[in-house]
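These notes concern the structure reproduced below.
The values are calculated or read from the model by the stated rules, or taken from the named source; none is laboratory data. All of these numbers come straight from a predicted model, not from anything done at the bench. As a convention, Cβ positions derive from the backbone with ideal geometry for all residues, glycine included, and neighbour counts pool all protein chains shown. The protein model used for the area step is the full one, side chains on, heavy atoms only, and it has no ligands, DNA or RNA in it. Shrake-Rupley method; radii C 1.70, N 1.55, O 1.52, S 1.80 Å.
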Amino acid sequence: MPRQSYAEALVDALYDSLAADPRVSLIGSYVLGLGPQRHLMERVRKTFHDRIADPPTAEAGAAATGVGAAMAGVRPFVDLGTGSFPYLAWSQIVNEAAISCYMSDGRIPVPVTFHLLHGVRGGGAAQHSHSPQSMLCNAPGLEIVAPATAADVYGLVRSAFQSPNPTVVVSHAKLLGIESDVPALAQKQPIPIGRAEIKRGGRDVTIVANSFMTQLSMAAAAALAEDGIEAEVVDLRTLAPLDETTILNSVARTGRLVVVDECPLRCGIAAEIAAVVAEHGFGLLQAPVVRVTRAQVPVPYSPPLEAAVTPDAAKIAAAARRTLGARA
């Protein structure tokens, strides 16, 4: 099976979507940030230059343009940059895009796709390390996807362009250069929004994660396997709507749950999943649920302090061992 980086697959998804549908456009073409992968977007910019607009740094204006264009029948992809920048377009995302279809009794769908690079990327400090997806989950009407692999970002972005609903694609900055297996060109297909995937089977403990945390959870599962502990890794892929069935079925098999997320501890994705399992699968649990998240503090600039407040594979493995009553 061929391999691709996350960044290459994202670019392929944009290219193929633009080629397949003349209604697709890009508002902001520096989707890969300012890092070493940025050159990958050149073929998109050259081929579809007439459907790409690179606006000034004005997130509210870019988001509003995308929302209005979607209401008029276009399918825009609006790149909002780093995870903290969408705060400047919050009204356009959560108070216009998310609710217009409902408020118009279905007469005004808003098929816009927003994209952002989230997460602790290394040295981003408090203002450039945000993961706003847990806040966005409090905006009914949004679809939110958080891919972890090249195949998933390709399939979910293709689905976002086909969806009648506003969709937020959350990419972790550390994923861009990571390679993984992808289907052959003829087999590349959209991935349904709202469907989780079991990335690794196991019998002893369930680890639920998303985005870059899935990569770390797979590393933790490999380390646990060396000690005879078989962890099942569930990659959410979609945060809204949430695939509760896959989560509960996995916990039914293992009896234990670790939830990993890079949003802060309070009121985050991990808290929601823990609540779902407590409400609908309490009898399945043989041990308390353990959350591994970013600490409830601003992200420090100092590398050692940044590492101290951020999930990693060792912390995930230690949490899994705790659910089994083993010494961490």
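Observations on the model:
- Nonlocal amide H pairs with residue 143, under 5 Å, H built at 1.01 Å: 167, 168
- Placing +1 on the Cβ of every Lys and Arg and -1 on the Cβ of every Asp and Glu, with no other charges, gives segment 1-142 a dipole of roughly 180 debye about its Cα centre.
- Build a GNM of the chain with springs between Cα atoms under 10 Å apart, and of 202, 255, 35 the one that fluctuates most is 35.
- Point-charge dipole on Cβ atoms (K/R +1, D/E -1) for the chain, about Cα centre, debye to 20: 220
- Global geometry of the chain, whether rounded, prolate or oblate, following the gyration tensor of its Cα atoms and the 1.5 cut on a/c: prolate
- Per-residue SASA remark: residue 174, around 90 Å² accessible (1.4 Å probe; ligands, DNA and RNA not included).
- Taking only protein heavy atoms and a 1.4 Å probe, the accessible area of the chain is 55% carbon and sulfur.
- Under Karplus coefficients 6.51, -1.76 and 1.60, residue-wise ³J(HN,Hα) of segment 10-17 in Hz, glycine/proline x: 4, 5, 4, 5, 5, 4, 5, 5
- Principal semi-axes in Å for segment 20-145 [√(5λ), Cα gyration tensor, largest first]: 24, 21, 11
- For segment 223-328, a/c is not less than 1.5, where a ≥ b ≥ c are the root eigenvalues of the C-alpha gyration tensor, and a/b does not top b/c. That puts it in the oblate class.
- Choice from 110, 145, 277 with maximal GNM fluctuation in the chain (Cα, 10 Å cutoff): 277
- Entry for segment 136-182 at q = 0.23 Å⁻¹: log10 I(q)/I(0) = -0.83, Debye formula applied to identical alpha-carbon scatterers, no solvent contribution.
- Sites residue 275 and residue 46 - FRET efficiency at Förster radius 41 Å, r taken between beta-carbons, to 0.05: 0.30
- Sequence-distant residues sharing a close amide H with residue 81 (under 5 Å, placed H): 117
- Global geometry of segment 32-79, whether rounded, prolate or oblate, following the gyration tensor of its Cα atoms and the 1.5 cut on a/c: oblate
- The peptide list 118-126, 210-218, put in order of mean Cβ contacts within 10 Å with the highest first, becomes 210-218, 118-126.
- Note: relative contact order over the chain, using C-alpha pairs below 8 Å and six or more positions apart, is 16 percent.
- Taking a straight line from the alpha carbon of residue 174, these lysines sit under 25 Å away, with near neighbours fewer than eight places off in the same chain left out: 188, 199, 315.
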